[in-house]
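Undergrad: Please read through the structure below; I'll follow up with questions.
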Amino acid sequence: MSAPRILTTLVGSYPIPSWLVANPGEQALKDATAVVLHLQELAGIDLVVDGELYRFDPNHPETNGMIEYFVRQMGGIRSDIRRADIDLFRSQAHLGFRKRPAAVVEGPVGEGTLNLVEAYERVAALSMRPIKFTMTSPYMLARMLLDTHYRDQSALTFALADVLAAQVRAIDAACVQVDEANLPGRPEDAELAAEAINRILDAVPNKPAVHLCFGNYGGQRIQAGSWARLVKFFDLLRADHVVLELARPGYGDLEVLRDINPKLKLGVGVIDIKTTVVEKPDEVAHRIQTAADILGGAERIAYVHPDCGFWMVARSIADAKIHALVAGRDLFEGKPASERSQFAEVPA
């Protein structure tokens, strides 16, 4: 049986098991992570993720720690938010959807107690498959903070990038992915974001990747924008591949990426995580074919995946979509029916 040319992966997050929320603990977290990894293995996912459970906070199980997990452990950053902080943050009016800062920068940003290496090693011990480790972009982190120290967006962004890059050097994952959901709404910051993210990508021992989407909160799109407005950003990136939200917005915008840096491979979103309707394998295969046709061939496509993380989707739906992803990829590549992933219907 030949290996697939286009690989499957998830973006990062997975719905937190209810039993972990009800009975949190170190062993329960380890068990939950093992479950998330194993269900991907059973489905046939090529590059697995831990569901971002390494960021699980039993005090705030409703979040996936995309911002707070990182910044609240760093040195120079205060996590208790005062009324004056909120007023000052709101007066800056740069984030309409966020009413309070994630934390306050009061001094030089340092590593503090953040230990991504240990977090990765705990995950790596639970699977024999190639693992992707995800982290939030320094540009996105900086945008969520109230900065009373640097008072300069670029300086803060680069300081955060350097802290993350120093840790990434010791993470031997098959792939390290930097997640950026803010830049698509602010393409004018392409150079700043690219320079900061590249500091991390350059430190990745194996494959560096960048995920971009238009936001995913409450199943809603947060940012307005298009991939056409980010061509400059793509050309500046020193990544192996980008992981893009495409199933929900559609593939018409993909044509602008035909002429970007040819060394940058593409990850194509073929599973819409903002709907509870589970795709059929032939629908997934059709989406891959559509993207390939627009790009002038499938050679540029390195991965297919969901548009974004599954953390706000019911587990039964997420699991069925994962199976549909693999089955659709197999169908596109002409894999015999007897060898394809078994598609799991959502229970009625």
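The values are calculated or read from the model by the stated rules, or taken from the named source; none is laboratory data. The structure presented is a predicted model; accordingly, all values stated were derived computationally and were not measured. In this analysis, Cβ positions are derived from the backbone assuming ideal geometry, glycine residues included, and neighbour counts consider all displayed protein chains.
Undergrad: Where residues in the stretch 72-89 are in contact with a helix residue (DSSP H, G or I) (Cβ under 8 Å, 6 or more places away or on another chain) and modelled with pLDDT of 95 or more, which of them is nearest to Pro17 (Cα to Cα)?
TA: In this case the residue turns out to be Met74.
Undergrad: If you check every pair at least six apart or on different chains, which have Cβ atoms under 8 Å apart with a residue in the stretch 241-263 that is among the aromatic types (Phe, Trp, Tyr) first and a residue that is modelled with pLDDT of 90 or more second?
TA: Tyr251/Arg287; Tyr251/Thr290; Tyr251/Ala291; Tyr251/Ile294
Undergrad: Can you name the residue in the stretch 128-169 that is small (Gly, Ala, Ser) and touching a strand residue (DSSP E or B) at 6+ places or on another chain (Cβ under 6 Å) and is also nearest to Asp46 (Cα to Cα) among such residues?
TA: Ser137
Undergrad: Out of the stretch 258-294, which residues are closer than 18 Å to Cys308 by Cβ, touching a Leu at 6+ places or on another chain (Cβ under 8 Å) and hydrophobic (A, V, I, L, M, F, W, C)?
TA: Answer for the stretch 258-294, where residues must be closer than 18 Å to Cys308 by Cβ, touching a Leu at 6+ places or on another chain (Cβ under 8 Å) and hydrophobic (A, V, I, L, M, F, W, C): Leu266, Val268, Val270, Ile271, Val284, Ala291.
Undergrad: Exactly one condition in (1) buried (at least 19 other Cβ atoms within 10 Å of the Cβ); (2) within 15 Å of Pro306 (Cβ to Cβ); (3) not aromatic (Phe, Trp, Tyr) is false for Thr33; which is it?
TA: (2)
Undergrad: List, please: which pairs have Cβ atoms under 7 Å, are six or more places apart or on different chains, and start with a residue in the stretch 68-85 that is over 16 Å from Thr113 (Cα atoms) and end with one that is assigned to a loop (DSSP other than H, G, I, E, B)?
TA: Ile81/Arg100; Ile81/Pro101; Asp85/Pro101
Undergrad: Hey, among the residues in the stretch 101-127 that are assigned to a loop (DSSP other than H, G, I, E, B) and free of Cβ contacts under 8 Å to residues at least 40 places away in the same chain, which one's nearest to Ile77 (Cα to Cα)?
TA: Selected residue: Gly112.
Undergrad: Follow-up question, since we're still on this one. Can you pull out the helices (runs of 4 or more DSSP H) entirely within the stretch 1-72 that have at least 3 residues that are of a type in the set (Asp, Glu)?
TA: 26-43
Undergrad: Out of the residues in the stretch 259-276 meeting the condition of being of a type in the set (A, V, I, L, M) and at pLDDT below 95, tell me which one is surrounded by the fewest Cβ atoms within 10 Å (Cβ to Cβ).
TA: Step by step, filter the stretch 259-276, then rank; the result is Ile260.
Undergrad: Moving to a separate point now. Please specify each residue of the stretch 287-313 satisfying the condition of being more than 18 Å from the chain's Cα centre (by Cα) and in contact (Cβ under 8 Å) with a residue 12 or more places away in the chain.
TA: Within the stretch 287-313, Arg287, Ile288, Gln289, Thr290, Ala291, Ile294, Leu295, Gly296, Ala298, Arg300 meet the criteria.
Undergrad: As an exercise: evaluate Val21 against (1) modelled with pLDDT under 95; (2) surrounded by 19 or more Cβ atoms within 10 Å (Cβ to Cβ); (3) of a type in the set (A, V, I, L, M); (4) farther than 30 Å from Tyr150 by Cα and give the number of the one condition it does not meet.
TA: Every condition holds for Val21 apart from (2).
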